[in-house]
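Since the structure comes first, as structure tokens, the remarks are kept for the end.
The values are calculated or read from the model by the stated rules, or taken from the named source; none is laboratory data. Fair warning: this is a prediction, and the values are worked out from it, not measured in the lab. Cβ coordinates were reconstructed from backbone atoms using ideal geometry, including for glycine residues, and neighbour counts include every protein chain displayed.
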Amino acid sequence: MADVVEVRGGPGLRQEHRLVTEIPGPRSREWDARRAAAVAPGVATTMPVYAVAAGGGVVVDVDGNSLIDFGSGIAVTTVGASAPGVVDAVREQAERFTHTCFMVTPYDGYVRVAEALNELTPGRHPKRTVLFNSGAEAVENAVKIARAFTGRTAVVAFDHAYHGRTNLTMALTAKNVPYKSGFGPFAPEVYRAPLSYPFRDGGLDGPAAAARAIEVIESQVGAENLAAVVIEPIQGEGGFIVPAPGFLPRLAEWAASAGVVFVADEVQSGFARTGRMFACEHEGVVPDLVVSAKGIAGGLPLSAVTGRAAIMDAPGPGSLGGTYGGNPLGCAAALATIDAIAADNLLDRARAIGTTMLDRLGRLRDDDPRIGDVRGRGAMVAVELVEPGTTTPDAAVAGRIAAAARARGLIVLTCGTFGNVVRLLPPLSMPDILLAEGLDVLGDAVAATR
């Protein structure tokens, strides 16, 4: 291991796009051979370059390549992969203690995170928070809480949804391969309703799309049986689908009138990613329960369910929690992340990044009939690829574009039920010059695949 590139992250990491080998390089290929022998193949890798440092807007690999990061570890490193405040907070907490289990001997950090989330999530009503480890775990517990409160069992999720890989969240998730195939049977009493998908809805507006969904729910499930509707205000893995204006407010209004708990899964869209702290704020929606994860703790595992006190108080003592839930290091990182979002004006930064990306990608769309749609909010933007002149998904061209971008040193991800969407999630710490260069690289990749 003596030949490993020695690079430190943090504020001293050079913010540059630099390729010194092909992608992946020889050392990454060596490490990947070890991975193949040691790691279960079910854990797939998008880009087999092995990181030794990351921060700002770059990831440096073991071969010395400095890659532009348009992935943020799937929307996790929103404030950067080595934000100084987060690093300092974690170091300080680790020197005090790494774990006691909040359910055994509690500590202040957990309570401070709960207080902060109660304040930051939409609505001025009394709230409570409970902390977990992953987004899937938090979604599953949101359903438990809704069932305990309502005394009902049914749950509705939406077309193209992604909510996780546990048994219940696989049932909520729409996409079969690779998330569900071969892993059933799944948790019962999960139903699906149509989402507002403007690119594919033939001009159907938000209220009309909500009426369509409500009709399906009422006729196929029945409000009297329904504990919760669970929805991503902007879908993540499903294709960065932004519902038409009016869809979410009308759905939330119906849920309130029917006594159904409205759960906003903000795992990917929350924590400043879209230019608001939570994506549902763009339309003034106040969910009953908000699920947070990914960007919540600057790269450390932490998740949360925050909601109306009356709902959150329904489960009895001991019915929620987990050994690692609200780990002290994750809590310290979350508090530092919240401070960084405010101190560095990252809500404004997300909006500025979004304006730049949508403008540049919109011009690409105008010049290339394979680009059917460009959409998103803030630093959560996607390009949907189709057969020219149609809305027929073209996953092959999306894959070629992503591969060409990665070969040029740009980290990008694909997504979508049909696998035809390239999604862009730059960290909000990325400097403008690197953002522009990343978009240039993506443009070159698009041109190279024509």
(request) Could you look through the stretch 176-227, keep only residues that are hydroxyl-bearing (Ser, Thr, Tyr) and surrounded by 15 or more Cβ atoms within 10 Å (Cβ to Cβ), and pick out the one that is farthest from residue 382 (Cα to Cα)? (result) 191
(request) May I ask you to say which residue of 129, 173 is polar (S, T, N, Q), in contact with a Gly (Cβ under 9 Å, 6 or more places away or on another chain) and closer than 18 Å to residue 269 by Cα? (result) 173
(request) Using the structure shown, decide if residue 221 is modelled with pLDDT of 95 or more, under 24 Å from the mean Cα position of the chain (by Cα) and of a type in the set (Val, Ile, Thr). (result) no
(request) Kindly check whether there is at least one residue in the stretch 38-48 that is among the hydroxyl-bearing types (Ser, Thr, Tyr) and out of contact with any Phe, Trp or Tyr (no Cβ under 7 Å at 6 or more places or on another chain). (result) yes
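Could you please find all residues in the stretch 159-182 being not in a loop (DSSP other than H, G, I, E, B) and not small (Gly, Ala, Ser)?
Start the filter on the stretch 159-182 by keeping residues that are not in a loop (DSSP other than H, G, I, E, B), which leaves 167-172.
Matches in the stretch 159-182: 167, 168, 169, 170, 172.
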(message) If the requirement is being in contact (Cβ under 8 Å) with a residue 60 or more places away in the chain, in the same structural domain as residue 433 (by TED's automatic domain parsing), touching a Lys or Arg at 6+ places or on another chain (Cβ under 7 Å) and not aliphatic (A, V, I, L, M), which of these qualifies: 307, 372, 378?
(response) 378
(message) I'm checking my understanding of the structure. Among residues of the stretch 14-62 that are touching a residue at least 24 places away in the same chain (Cβ under 8 Å) and assigned to a helix (DSSP H, G or I), which one is farthest from residue 84 (Cα to Cα)?
(response) 26
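Test residue 320 against the stated conditions and say whether it is part of a loop (DSSP other than H, G, I, E, B), assigned by TED's automatic domain parsing to the domain that holds residue 143 and more than 24 Å from residue 155 (Cβ to Cβ). Quick ask: steps written out before the conclusion?
Numbers: part of a loop (DSSP other than H, G, I, E, B): yes; assigned by TED's automatic domain parsing to the domain that holds residue 143: yes; more than 24 Å from residue 155 (Cβ to Cβ): no.
So residue 320 does not fit the description; no.
For the stretch 392-450, name all the residues that are basic (Lys, Arg) and either within 18 Å of residue 370 (Cβ to Cβ) or not assigned by TED's automatic domain parsing to the domain that holds residue 66 (or both).
At the first step, the residues of the stretch 392-450 found to be basic (Lys, Arg) are 400, 406, 408, 423, 450.
Matches in the stretch 392-450: 400, 423, 450.
Can you give me the number of residues within the stretch 316-339 that are out of contact with any strand residue (DSSP E or B) (no Cβ under 9 Å at 6 or more places or on another chain) and among the small types (Gly, Ala, Ser)? Walk me through it before giving the result.
Residues of the stretch 316-339 out of contact with any strand residue (DSSP E or B) (no Cβ under 9 Å at 6 or more places or on another chain): 316-319, 323, 328-329, 332-333, 335-339.
Right, trim to among the small types (Gly, Ala, Ser) and you get 316, 318-319, 332-333, 336.
Final tally of qualifying residues: 6.
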(request) Just need a number here: residues in the stretch 56-87 that are in contact with a helix residue (DSSP H, G or I) (Cβ under 9 Å, 6 or more places away or on another chain) and either under 19 Å from residue 330 (Cβ atoms) or basic (Lys, Arg) (or both). (result) 15
(request) Could you please find all residues in the stretch 69-83 being of a type in the set (Ser, Thr, Tyr) and either at positive phi or assigned to a helix (DSSP H, G or I) (or both)? (result) 72
(request) Among the residues of the stretch 1-57, write down those that are at pLDDT below 95 and among the acidic types (Asp, Glu). (result) 3, 6
(message) Residue pairs, Cβ under 6 Å, 6 or more apart or interchain, first in the stretch 386-415 and surrounded by fewer than 20 Cβ atoms within 10 Å (Cβ to Cβ), second among the hydroxyl-bearing types (Ser, Thr, Tyr). List them.
(response) 400/449; 404/449
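Somewhere in the stretch 402-415, is a residue of a type in the set (S, T, N, Q) and over 21 Å from residue 435 (Cα atoms)? Give the derivation first.
Restricting attention to the stretch 402-415, the residues satisfying the condition of being of a type in the set (S, T, N, Q) are 414.
This time we only want the ones that are over 21 Å from residue 435 (Cα atoms), so: none.
Checking the stretch 402-415: not a single residue is of a type in the set (S, T, N, Q) and over 21 Å from residue 435 (Cα atoms).
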(message) With the requirement that a residue be in contact (Cβ under 8 Å) with a residue 60 or more places away in the chain, in contact with a Lys or Arg (Cβ under 7 Å, 6 or more places away or on another chain) and within 28 Å of residue 300 (Cα to Cα), what does the stretch 127-153 give you?
(response) 127, 135
(message) So residue 323 passes all but one of these: (1) more than 14 Å from the chain's Cα centre (by Cα); (2) among the polar types (S, T, N, Q); (3) surrounded by 18 or more Cβ atoms within 10 Å (Cβ to Cβ). Which condition number does it fail?
(response) (3)
